[in-house]
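Visitor: My questions will all concern the structure given below.
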Amino acid sequence: MKIGILLTGHAPSEVIETLGTYPEMFARLLGGHDFTFETFAVVDGHFPKSVDDADGWLITGSKHGAYEDHAWIPPLEDFIRKTYADGRPMVGVCFGHQIIAQAMGGEVVKWKDGWAVGHQTYDFEGETLPLNAWHQDQVVKIPETATVIASNDFCQNAALLYGDRMLSVQPHPEFTAPMVAALITHRGKGNLPDDLLVQADANLDTPTANQHMADKMAAFFLKGDSK
């Protein structure tokens, strides 16, 4: 099964040599399921010709806000709606979660209560999953076609399911402890509250359910591909 990765932001240059690009992180995360991958850097204006260019689609995280005025955001929203209409599976992570919601009629805002950084726990329909997060923006209004399937006290709409067509999650299952540590150093210090960064650093070694979430994502892709 071919997964098209819609790249909406670039990894910090400081981490690429040791941890890889965002598409490489997702390829590692979803390894073992016989997926192949092709990246389309939509953040740089490079879009697929058609939703038919892959069997399923994955939208990455980004430093940008879904509500910001960038030339690539409207065509990305249009691509999301075309993919939904076509019926092939799409998964969104962090910004991907937000832009899918916005494209489908939801609302995304810069959250008034600040950031979620590093280790967080989420209630996935009664199952507690620890995952890393790095976001201030949140989905505050869900589309009519979406159902909330995960939340916590800070982020009520932490994962959304659009029937069997789209799955999106606010946290980052592709982010390992070294990646969070790098973000603390290269994107956090001087930009985020020190107490959040200290807490995130202290929890770097706390186990996460990255592989469990990856298996959920892979099963969603494979189920959609079998229709």
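The values are calculated or read from the model by the stated rules, or taken from the named source; none is laboratory data. Quantities reported herein were computed from a predicted structural model and do not represent experimental measurements. Here Cβ is always computed from backbone atoms with ideal geometry, including for glycine, and neighbour counts include all displayed protein chains.
Visitor: Restricting to the stretch 131-155, count the residues that are among the β-branched types (Val, Ile, Thr), within 16 Å of Glu107 (Cβ to Cβ) and touching a Gly at 6+ places or on another chain (Cβ under 9 Å). Break it down stepwise before answering.
Guide: Quick first cut of the stretch 131-155, residues among the β-branched types (Val, Ile, Thr) only: 139-140, 142, 145, 147-149.
Still in the list and also within 16 Å of Glu107 (Cβ to Cβ): 139-140, 142, 145, 148.
If we keep only those that are touching a Gly at 6+ places or on another chain (Cβ under 9 Å) too, we end up with 139-140, 142, 145.
Summing the residues that are among the β-branched types (Val, Ile, Thr), within 16 Å of Glu107 (Cβ to Cβ) and touching a Gly at 6+ places or on another chain (Cβ under 9 Å) in the stretch 131-155 gives 4.
Visitor: While we're here: Is it the case that Asp113 is out of contact with any helix residue (DSSP H, G or I) (no Cβ under 7 Å at 6 or more places or on another chain), modelled with pLDDT under 95 and over 24 Å from Val42 (Cα atoms)?
Guide: Working: out of contact with any helix residue (DSSP H, G or I) (no Cβ under 7 Å at 6 or more places or on another chain): yes; modelled with pLDDT under 95: yes; over 24 Å from Val42 (Cα atoms): yes.
Spelling it out, Asp113 is indeed out of contact with any helix residue (DSSP H, G or I) (no Cβ under 7 Å at 6 or more places or on another chain), modelled with pLDDT under 95 and over 24 Å from Val42 (Cα atoms).
Visitor: Could you tell me which numbered condition Asp195 fails, if it satisfies all but one of (1) more than 22 Å from Phe37 (Cβ to Cβ); (2) touching a residue at least 60 places away in the same chain (Cβ under 8 Å); (3) assigned to a helix (DSSP H, G or I)?
Guide: Failing condition for Asp195: (2).
Visitor: Do we find that Phe26 is touching a strand residue (DSSP E or B) at 6+ places or on another chain (Cβ under 7 Å), over 25 Å from Gln138 (Cβ atoms) and either surrounded by 15 or more Cβ atoms within 10 Å (Cβ to Cβ) or of a type in the set (Val, Ile, Thr) (or both) in this structure?
Guide: Details: touching a strand residue (DSSP E or B) at 6+ places or on another chain (Cβ under 7 Å): yes; over 25 Å from Gln138 (Cβ atoms): no; either surrounded by 15 or more Cβ atoms within 10 Å (Cβ to Cβ) or of a type in the set (Val, Ile, Thr) (or both): yes.
Considered against the rule, which asks whether it is touching a strand residue (DSSP E or B) at 6+ places or on another chain (Cβ under 7 Å), over 25 Å from Gln138 (Cβ atoms) and either surrounded by 15 or more Cβ atoms within 10 Å (Cβ to Cβ) or of a type in the set (Val, Ile, Thr) (or both), Phe26 comes out as no.
Visitor: So, one more: Have a look at Thr21, Thr8 and point out the one that is touching a Ser or Thr at 6+ places or on another chain (Cβ under 7 Å), over 16 Å from Arg88 (Cα atoms) and among the β-branched types (Val, Ile, Thr). Talk me through it step by step, then tell me what you get.
Guide: Working: Thr21 fails: touching a Ser or Thr at 6+ places or on another chain (Cβ under 7 Å).
Answer to the check: Thr8.
Visitor: Limited to the stretch 122-161, what total is found for residues that are under 19 Å from Ala202 (Cβ atoms), surrounded by fewer than 21 Cβ atoms within 10 Å (Cβ to Cβ) and within 16 Å of the chain's Cα centre (by Cα)? Before the answer, list the steps.
Guide: Taking the stretch 122-161 first, the residues under 19 Å from Ala202 (Cβ atoms) are 130-134, 152, 154.
So of that shortlist, the ones also surrounded by fewer than 21 Cβ atoms within 10 Å (Cβ to Cβ) come out as 130, 152, 154.
Checking the rest, the ones that are also within 16 Å of the chain's Cα centre (by Cα) come to 130.
Here the count works out to 1.
Visitor: Here's something else I'd like to know. Only one of (1) in contact with a helix residue (DSSP H, G or I) (Cβ under 9 Å, 6 or more places away or on another chain); (2) touching a residue at least 40 places away in the same chain (Cβ under 8 Å); (3) of a type in the set (A, V, I, L, M, F, W, C) is not met by Ala54, so which one is it?
Guide: Evaluating Ala54 over (1) in contact with a helix residue (DSSP H, G or I) (Cβ under 9 Å, 6 or more places away or on another chain); (2) touching a residue at least 40 places away in the same chain (Cβ under 8 Å); (3) of a type in the set (A, V, I, L, M, F, W, C) leaves (1) as the failure.
Visitor: Is there a residue being basic (Lys, Arg), touching a residue at least 12 places away in the same chain (Cβ under 8 Å) and not in a helix (DSSP H, G or I) anywhere in the stretch 132-141?
Guide: Initially, the stretch 132-141 is screened for residues basic (Lys, Arg), giving 141.
Pick out the ones that are also touching a residue at least 12 places away in the same chain (Cβ under 8 Å) and you get 141.
Those left that are additionally not in a helix (DSSP H, G or I): 141.
Within the stretch 132-141 (the criterion being basic (Lys, Arg), touching a residue at least 12 places away in the same chain (Cβ under 8 Å) and not in a helix (DSSP H, G or I)), the answer is yes, since at least one residue qualifies.
Visitor: I would also like to ask the following. Confirm whether Asp34 is modelled with pLDDT under 95 and more than 28 Å from Val117 (Cβ to Cβ).
Guide: Working: modelled with pLDDT under 95: yes; more than 28 Å from Val117 (Cβ to Cβ): yes.
So Asp34 fits the description; yes.
Visitor: Got at least one residue in the stretch 169-192 being in a strand (DSSP E or B), touching a residue at least 24 places away in the same chain (Cβ under 8 Å) and under 21 Å from Ala214 (Cβ atoms)? Spell out the reasoning first.
Guide: Initially, the stretch 169-192 is screened for residues in a strand (DSSP E or B), giving 169.
Then keep just the ones that are touching a residue at least 24 places away in the same chain (Cβ under 8 Å); that gives 169.
Add one more test, that the residue is under 21 Å from Ala214 (Cβ atoms), and what stays is 169.
So far as the stretch 169-192 goes, yes, one or more of its residues are in a strand (DSSP E or B), touching a residue at least 24 places away in the same chain (Cβ under 8 Å) and under 21 Å from Ala214 (Cβ atoms).
Visitor: Further question on the same structure: When the stretch 200-210 is examined, which residues are found to be in contact (Cβ under 8 Å) with a residue 60 or more places away in the chain and loosely packed, with under 12 Cβ neighbours inside 10 Å? Even if it seems obvious, please write down each step before you answer.
Guide: Of all residues in the stretch 200-210, those in contact (Cβ under 8 Å) with a residue 60 or more places away in the chain come to 200-201, 203-204, 206-210.
Selection gives Pro207 alone.
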